[in-house]
Structures are given as structure tokens and as C-alpha cells.
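Accompanying notes for the structure given below.
The values are calculated or read from the model by the stated rules, or taken from the named source; none is laboratory data. Because the structure is predicted, anything quoted here is derived from the model rather than measured. Cβ sites come from the backbone with ideal geometry, for glycine too, and all protein chains shown count toward neighbours. These accessible areas exclude ligands, DNA and RNA; they are computed on the full protein's heavy atoms, side chains included. Shrake-Rupley method; radii C 1.70, N 1.55, O 1.52, S 1.80 Å.
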Amino acid sequence: MSGTFVGMPAFPKAARAAIRDDTLRGNLRHATHTIRAKREKAVAELSDWAALREAGKRIKDHTLRHLDRYLVQLEESVTAAGGTVHWAADADEANRIVADLVKATGESEVVKVKSMATQETGLNEALEAEGIHAYETDLAELIVQLGRDRPSHILVPAIHRNRGEIRDIFAREMSEWGRPAPEGLTDSPAELAEAARLHLREKFLRAKVGISGANFMVAETGTLVVVESEGNGRMCLTLPQTLISVVGIEKTVPTWRDLEVFLQTLPRSSTAERMNPYTSTWTGPSGPESADGPRDFHLVLLDNGRTDTLADEVGRQALRCIRCSACLNVCPVYERAGGHAYGSVYPGPIGAILSPQLRGTASEIDASLPYASSLCGACYEVCPVAIDIPEVLVHLRERVVQGGVATRDGAKVVLKPAKGHAAERAAMRAARWAFDNPGALRAGQRLASRTRRFHPRTLPGPGRAWSDSRDLPTVPAEPFRDWWQRTRGGKDAT
């Protein structure tokens, strides 16, 4: 996976810098609280939300268990409909396939529907290296691209920008990419949207190649589905002569009936809408003689660490994700640190469990991501496919600290413990020994109680980073077991 932000430090260091940015924190707080409140109302309208959530979980789990069969069925269905399927083991292969397909058309420009898979592979940069210009057409992605920025949210990539900043970006950068911003542009949402519409319209009408991702792929018919709110996706999917879709293999669902569940849960969990303003579906190309829709359709199925993730019985539930971003909007860590601190196109709680599995935990930033959480569980409560993110976070923390067997590039490997966790491992070993020896545990508790007045209020050394923002728990005057025996007359329980 190549979607690491170049030069990004580990999460704690990046987050420390982000929380000092008052403007960033204000933008995030306002946006996440607004989206969260709207989502709560939208979900409350459905009396069977819990049943839909469980159904989505079961559909995804079933599909992942039989993914090999459904991928073969998907390929057969797409091929039968006139499309061409390509298999990409990693980001480099996916980018090479797309670049070759674009060059085969003779074109040097493409328009894009918002796609996290192509952000993950770094497709825009790869195409640029081949002399091909890729233009983002989603409004938020356009803001990010014009600002030479990085996305910081799954649903709203420019969530860290306010209206004044967007106006300045449009006024300064639009002329470098195409039609310039209107003179006297203000920060009115209507004016900003109109400036983007005029800027993009000429690209829609000129482009001969479109690139998309997909929210879902239906195996039984070979149909791809894109849901969006602006209509730019519909333009990219219908106007170009060639359409190339890069999609992660986990986006497969078996049948149209399964799709119905997610078309209820996704819009309410993401944009707090009862249904998406635009739900585009296509099954193969329109054909060489048709003037309506792409004449050629190519599907690039992306693995890039997903098969390795699938091999992990605990971690594989991350592949259920339908990219709704609900977990980001309730996460206290994301709200304060923002998306860039995660060093990946997948920020927030889902990124903290997905990126270390797709990329491995060898790098400093990926080893730090499982710790980018308070384990409060709010992310699990709002997830429309019931991904137990706290469970996976703890599972990955164990992998980082202890090492152990994992699957990388399709082979079983033994991971070494990450650097910097020797004290943590020693503390856990000591705790395990103490709990295995009740007599020693009781003696330690009594000693701690009798020396409580000498205990420091802050931890020394590296522990100070923890106690600077937290009160150390006060040791009770006597251990619970001693109190129980004294007050209830019970026998000494060991």
C-alpha cells in the first residue's frame, strides 16, 4: 500500500502538532458535531435499524468467507456484459494497468469520481509521472487537489477547511488548472459551488476517459454502484468514451437483494440522508455503436493487502467497512487531531485498524495507529456493519508489542515486536506473574496501601506524558480483600 503521506511522523507527534491549530480544531468540531447530530435523527427514523445493522454484518461476513467464489462470479458477469476485468495484486500493478489503459486511448486527461482506492494507490501521482493529468470532480476533492493538500476525512475530505480558506484556494489556484474563479468571488456557499460547477463543466465535456471507484459490486450481474450527492459522479460515469473503475475486492456483494440493505444504511450513516441524491449503477459498457455512455469499460480489482487482512480472524472484520465515516464523527481523538495525523487516506478509527493491516506494522506510523484511540467504543456503537473497532485495536496493539505470526504477501511470517515497547512488555509480564501468584498480588496490594502517603502525584520519566493530563488513581487505605474479610467475615479468597 503506497498511500502513506510522505514524510509523516508517528501519530503521537503528528497529533501533538495538530491539536495546537485552533482553526483546525474549530473546523473539525463544528463539522463533526453537525454531521453527528443529523445522523442520529436519520437513524432514529428507522425502527428496524438494529436489524439492518445485523443484516449488513452477516452479508459482509458471508461474502468475505466465500470471497474467492464471488470474485470469480463477478469477473464472469462483468465479462459477459462486455467489460474487461484486470487483477492488481498491489498499488504499483493497479497504477500501471490504469496508466496503460489511458495511454492506449491516446488521451492525456482524465476526470475522476471520488475514489479512496485510487488515493490508496497514489494513482494521481502515478498518472502525472506518465504525463496524464487527473482531475478530481467531487467538490471536496477538488478543494484538496487545488490546495495541493491531502484528504482528512472519508466523506468530507476538505473538512479541515473553512469557507474563507476555500475561497482563497479557488481564487489563487483555479486558473492554473483550467477556468479561473470569477472576479470578486466571496465565501458564500452558493458562489463557491457555482465557481466549482463552471470550472468542472468544461472538463466534463472535454474528457474522453473517466476513472471511478465503486461503493459496491454485485457479483450475480457484474453491476457496479456509485452513490454520491453532487452529480459529478453521474457526469464522469456517462460522458467519457472509456470508463476505468478501480475497486477493492472487499466491495463485492453477492446479489441485488443484499445491495438493498446497504442502500438504506450507508446514506443515513454518512450524509444523514434517507437516500442518496445520485445512485448510479452500470453493467458493462454501452457498446461501440452507442452514443450514450462509455463504449469501453475496464474493472481493476485491487488486492493491495486485503487478502492478508482476510487471513486474520479478528482483523478481517475491518473489510466489512462501507466507508460511511460515522466512526470518525464520534471519535474524540479524530475530532481533536484531524485526519492528516493518521498518515493515511483512511483516517479515524477505521483507519487505525485498516491501514496497519493493509500496510503492516513495520513502519513507525503504522505501529502507532492502533494506539490512536481512547477505546471508548463510540465507533462500534455507530458502525452500520457492527465492526468491533476496539477489539481490533487491542488485537493490533498486541501484535505491535508482542510480535507473532501474521500473513504478509500471502505467506505466514513471524513479526518481531516493534521498537520502543520493551517497558510495556516487561510491565505486562510482571502483571501476568502477579495475577498467577495470588499471594504475591495480595502482598503487593498491602504494601501499596501502607505506603500510599509517599506515592507521587505524577509519574517519573516517560510516564509523565500520561500523568500530565490525568490524575493518578489514589490507592485505597486497604485492599478490597482485606476490607471484605474484615467487614463481612468472609474467608480469604485466593
Would you point out which residue out of Pro370, Pro390, Pro384 is of a type outside the set (A, V, I, L, M), open to solvent by less than 10 Å² (accessible area, probe 1.4 Å) and in a helix (DSSP H, G or I)? Pro370
Give me the residue from the range 205-232 that is over 28 Å from the mean Cα position of the chain (by Cα) and in contact (Cβ under 8 Å) with a residue 60 or more places away in the chain and, out of that set, most open to solvent (accessible area, probe 1.4 Å). Arg206
Examine the range 453-462 for a residue that is in a helix (DSSP H, G or I) and over 23 Å from Ala423 (Cβ atoms), and state whether such a residue exists. yes
Do any residues in the range 41-66 that are free of Cβ contacts under 8 Å to residues at least 24 places away in the same chain have Cβ atoms under 7 Å from those of residues that are surrounded by fewer than 12 Cβ atoms within 10 Å (Cβ to Cβ) and β-branched (Val, Ile, Thr), where the two are at least six apart or on different chains, and which pairs are they? none
Breaking point among (1) within 19 Å of the chain's Cα centre (by Cα); (2) assigned to a helix (DSSP H, G or I), for Asp92: (1)
Is it the case, given these coordinates, that Ala477 is open to solvent by 50 Å² or more (accessible area, probe 1.4 Å), part of a loop (DSSP other than H, G, I, E, B) and farther than 30 Å from Cys331 by Cα? yes
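For Ile353, state whether it is within 21 Å of Leu415 (Cβ to Cβ) and either touching an Asp or Glu at 6+ places or on another chain (Cβ under 7 Å) or at pLDDT 95 or above (or both).
Criteria met by Ile353.
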In the list Ala42, Ala31, Ala37, which residue meets the criterion of being among the aliphatic types (A, V, I, L, M), open to solvent by 30 Å² or more (accessible area, probe 1.4 Å) and within 18 Å of Cys324 (Cβ to Cβ)? Ala37
Against the definition (of a type in the set (Lys, Arg), outside any helix (DSSP H, G or I) and surrounded by fewer than 24 Cβ atoms within 10 Å (Cβ to Cβ)), how does Arg336 come out, yes or no? no
Is it true that some residue in the range 93-106 is open to solvent by 20 Å² or more (accessible area, probe 1.4 Å), among the hydroxyl-bearing types (Ser, Thr, Tyr), in contact with a strand residue (DSSP E or B) (Cβ under 9 Å, 6 or more places away or on another chain) and farther than 30 Å from Ala129 by Cβ? no
Applying the selection to the range 100-132, what residues are in contact with a Leu (Cβ under 9 Å, 6 or more places away or on another chain) and acidic (Asp, Glu)? Glu120
Suppose we keep only residues that are over 23 Å from the mean Cα position of the chain (by Cα) and of a type in the set (S, T, N, Q) within the range 95-113. Which one would you say is nearest to Gly83 (Cα to Cα)? Thr105
Residue that is open to solvent by 40 Å² or more (accessible area, probe 1.4 Å), under 30 Å from Arg481 (Cβ atoms) and in contact (Cβ under 8 Å) with a residue 12 or more places away in the chain, where the choices are Ala423, Ala427: Ala423
